[in-house]
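Here is the structure we will look at, set down as structure tokens.
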Amino acid sequence: MGRDLFGTDGVRGLANTHPMTADTALRIGAAAGRYFRRDRGRAHRVVIGKDTRLSGYMFENALTAGLTSTGMNVLLLGPVPTPAVGLLTVSMRADLGVMISASHNPAEDNGIKFFGPDGFKLSDAAEEEIECMVAEGVEPAQAGNIGRAKRIDEGRFRYMERLKATLPHGMRLDGVKVVVDCAHGAAYRTAPDLLWELGADVVPLGTAPNGSNINDKCGSTHPDACAAAVVAHGADLGICLDGDADRVILIDETGRVADGDQVMALLASRWSEEGHLKGGALVATVMSNLGLEQFLRARGLRLERTKVGDRYVVERMREGGFNLGGEQSGHIVMTDYATTGDGLMAALQFIVAMVKTGKPASALAAQFDPVPQMLENVRYAAGSDPLGAEAVRQAIAAGERRLAANGRLVIRKSGTEPLIRVMAECEDEGLMREVVSGIVAEVEAAGG
């Protein structure tokens, strides 16, 4: 059967609209509970975290009902970053981890991400099996075997201690002034507290969630406020997290933005010099800049590309034995320390480089000159299939031919929104814009 519920990063959509309804969440919870409750001779548990969206309360209760109906014991973590759920699933010996979040999306959206007992996101095969069970329905547990639910208050503190352990022993951040924008999201307490405990001078932004302001003109998708604060406060670094803190965009002391590609370039080169980079390669997606690939090649390193989604980056890392990967959007995955993208951890590793080298952020956040890149997002109407239209296919084929010698073209559907993403790279910016605008026009005509 097709995938009606799961996209590139779990289940996601507009709250109270299919598939993100309380009823569907209850059935997903029951199916996931039945899928992971293999050994009926022992107790089973699941940890559930969430970000700060108003609808999180609804989905937390619905998932809890579904999971406990199959005999799973539920541990409720409250608002915590997504990587904390991956960590605590393993630490608390849970069979399943669940994060309720739509990441960088607006507050009206929400989503459900699953982690297996190893702390890693589920494979496509596991998600497809759970989706089949949702469609078919599952048998509930007998009345005496219904699970219990319990709120856990110390989850974020365990996560903070894990983050501290990734720094060189005894390292403090005294004298480092940091602006941290938490996007009114899951890290609104964790990030400022962690940096303060490490000794940094912290200027917090986006730390007053009200259920509807997550990612609203703040965080990793809107770094302007953080950049202005860095300059105004004379800070050494700005850290912009998204709603669930699994991605980060950094701001240097001049207010200039550094994306995930620049952060990965810094970490890959330093880890390689220190003998810490496994496999001589960095894993990134097709969206990462061609300049990153050229930067790595000049240092004898490879760029292994995957399709978009940090889950696919992690899968390739595990297959190939690599320990560093991520996405241009700011997901940075370090599997020596974490099972998924971790914005705070990546920011700490960047600060470690600042402390060790004594160099300012501006000297570390511009590792290579990006090849000119253009990305356009084209929204399409429900039920339409613009990429299947003949005119669109012809426009894409013509664009690929024109860019073949000097760049590349990537066209894909978003896995979380009704968008077609049109991305091109080329040293000739005029040609690049001409190609992209032509494809966008055809997609708009076909998807209206």
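The values are calculated or read from the model by the stated rules, or taken from the named source; none is laboratory data. Since this is a predicted model, take the numbers as computed values, not measurements. Cβ atoms come from the backbone with ideal geometry, glycine included; neighbour counts cover every protein chain shown. Heads up: the accessible areas ignore ligands, DNA and RNA and are worked out on the full protein's heavy atoms, side chains in. Shrake-Rupley method; radii C 1.70, N 1.55, O 1.52, S 1.80 Å.
Sort out which residues of the range 13-57 are in contact with a Phe, Trp or Tyr (Cβ under 8 Å, 6 or more places away or on another chain) and under 15 Å from residue 74 (Cβ atoms), and write them in order of number.
25, 32, 44, 46, 50
Kindly provide the set of residues from the range 140-164 that are within 28 Å of residue 51 (Cβ to Cβ), among the hydrophobic types (A, V, I, L, M, F, W, C) and without any contact (Cβ under 8 Å) to a residue 24 or more places away in the chain, ordered by number.
Correct list: 157 only.
Cβ-Cβ below 9 Å, separation at least six or inter-chain, first residue in the range 245-262 and over 16 Å from residue 205 (Cβ atoms), second surrounded by fewer than 24 Cβ atoms within 10 Å (Cβ to Cβ) and of a type in the set (Val, Ile, Thr): which pairs?
253/231; 254/231
Please go through the range 226-244 and pick out each residue that is in contact (Cβ under 8 Å) with a residue 40 or more places away in the chain, touching a strand residue (DSSP E or B) at 6+ places or on another chain (Cβ under 9 Å) and either crowded, with 24+ Cβ neighbours inside 10 Å or assigned to a helix (DSSP H, G or I) (or both).
The initial filter retains those residues of the range 226-244 that are in contact (Cβ under 8 Å) with a residue 40 or more places away in the chain, namely 226, 229-230, 233-244.
Then keep just the ones that are touching a strand residue (DSSP E or B) at 6+ places or on another chain (Cβ under 9 Å); that gives 226, 229-230, 233-242, 244.
Listed by number, the residues that qualify are 226, 229, 230, 233, 235, 237, 238, 239, 240, 241, 242, 244.
Every residue in the range 312-350 that is over 17 Å from residue 164 (Cα atoms), without any contact (Cβ under 8 Å) to a residue 60 or more places away in the chain and crowded, with 22+ Cβ neighbours inside 10 Å, please.
Scanning the range 312-350 gives 313, 317, 322.
How many residues are crowded, with 21+ Cβ neighbours inside 10 Å and within 21 Å of the chain's Cα centre (by Cα) if we restrict to the range 61-78?
Counting residues in the range 61-78 that are crowded, with 21+ Cβ neighbours inside 10 Å and within 21 Å of the chain's Cα centre (by Cα) gives 1.
Is there a residue being surrounded by fewer than 24 Cβ atoms within 10 Å (Cβ to Cβ) and of a type in the set (Phe, Trp, Tyr) anywhere in the range 43-60?
Yes, the range 43-60 contains at least one residue that is surrounded by fewer than 24 Cβ atoms within 10 Å (Cβ to Cβ) and of a type in the set (Phe, Trp, Tyr).
Being assigned to a helix (DSSP H, G or I) and touching a residue at least 40 places away in the same chain (Cβ under 8 Å) is the requirement here; does residue 288 meet it? Lay out the reasoning, then the answer.
Working: assigned to a helix (DSSP H, G or I): no; touching a residue at least 40 places away in the same chain (Cβ under 8 Å): yes.
No; evaluated as a whole, the condition is false for this residue.
Tally the residues that are assigned to a helix (DSSP H, G or I) and surrounded by 23 or more Cβ atoms within 10 Å (Cβ to Cβ), restricting the search to the range 268-285.
Count: 1.
For the range 378-387, how many residues are open to solvent by 80 Å² or more (accessible area, probe 1.4 Å) and within 25 Å of residue 433 (Cβ to Cβ)?
The total comes to 1.
Identify all residues within the range 297-311 that are open to solvent by 30 Å² or more (accessible area, probe 1.4 Å) and either in contact with a His (Cβ under 9 Å, 6 or more places away or on another chain) or part of a helix (DSSP H, G or I) (or both); write none if there are none.
If the condition is that a residue be open to solvent by 30 Å² or more (accessible area, probe 1.4 Å) and either in contact with a His (Cβ under 9 Å, 6 or more places away or on another chain) or part of a helix (DSSP H, G or I) (or both), then 297, 298 are the ones that fit.
Taking only the range 120-148 into account, find how many residues are more than 22 Å from residue 348 (Cβ to Cβ) and part of a loop (DSSP other than H, G, I, E, B).
11
For the range 17-37, enumerate the residues that are more than 23 Å from the chain's Cα centre (by Cα) and in contact (Cβ under 8 Å) with a residue 40 or more places away in the chain.
22, 24, 26, 27, 30, 31, 33, 34, 35, 36, 37
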